[in-house]
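Trainee: This structure is in structure tokens; I'll ask about it shortly.
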Amino acid sequence: MSDATTLEASSPPSIQSISISDVLSALKSGIQDFKNAPAFGLFFALFFVLGGIVLFLEFEVMDQSYWIIPVAFGFPFLAPFLAVGLYEVSRRLEKDAPLDWAQILGVVFNQKDRQFPSIAMVLIMGFLFWIFVAHIVFMLFMGLQPMTNITSNWQDALLNSNGITMLAVGSAVGGVMAFVAFALTVCSLPMLLDREMDFISAMIYSFQSVMHNLVPMLFWGALITVLMVLSMLPLFLGLFIVLPILGHATWHLYRKVMSFED
């Protein structure tokens, strides 16, 4: 790559084997990138924080706060796509390229003319399908009446046989869908930023990389889930720290997993 914005022609990647120590190394590199360029991390995280707060307030005003949990668990469908700016910052840091605001935002904006809109549509459809499934699961186990009580007395609404079964089934279904979204995007989105490649091939390679490194990738997915849940608890403010670190770390993990000959 001649500079930080020149893309390599697409070529089939060689999927490398990684370990949990490689995942932790990528996380460490993500922390270092955030330290080196905190303004960019805070800027891109701001959109997540504001979006989360707006949704939270909207659900509260509409007395539909029971949707906060499924929306929060649907976050993995959208977060990787919105973190593209963080991938670009990490790529420039890796190449010792200048961190110019205009150039970085230009790269992010120019993704509209590449493969990102297509993969974004896949993720958005997955997110909407998850919301639909969450609604169906709720209705199957809880019916209509508890929907009006869950916000005021969630203990009575959820801490019973139907509520516990609903949570178990919903978590299982949501977990499977989140894993599929994770497997399809963990390497494909950084790859689409880095290489000229169609989004279907990128998602296939990403899924193959996860299956090839199932244990460390499951560890990475679980780590993302735990950190994201914890960061959302204080009114989404923890995303200011967690999201940039995870975004930068994802880039470094992609670089460890995917190797190109050219």
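Trainee: Ordered by residue, what ³J(HN,Hα) values in Hz, to whole numbers, does the range 39-52 give under the Karplus form 6.51 cos²θ - 1.76 cosθ + 1.60, where θ = phi - 60° and Gly and Pro are x?
Mentor: So the Karplus estimates, Gly and Pro as x, are 4, 5, x, 5, 5, 5, 5, 4, 5, 5, 4, 5, x, x Hz.
Trainee: With a point put 7 Å past each Cα toward its Cβ, work out how far GLU58 is from PHE260 in nm, to one decimal.
Mentor: 3.7
Trainee: Using the Cα gyration tensor of the range 163-262, with a ≥ b ≥ c the square roots of its eigenvalues, what is the shape: rounded (a/c below 1.5), prolate (a/b larger than b/c) or oblate (neither)?
Mentor: Working: a/c = 2.37, a/b = 1.47, b/c = 1.61.
Because a/c hits 1.5 or more and a/b fails to exceed b/c, the range 163-262 counts as oblate.
Throughout, read-outs are computed from the coordinates displayed, never taken from laboratory work. Keep in mind the model is a prediction, meaning the values are calculated, not measured. Reconstructed Cβ throughout: ideal geometry from the backbone, glycine too, with neighbour counts over all protein chains shown.
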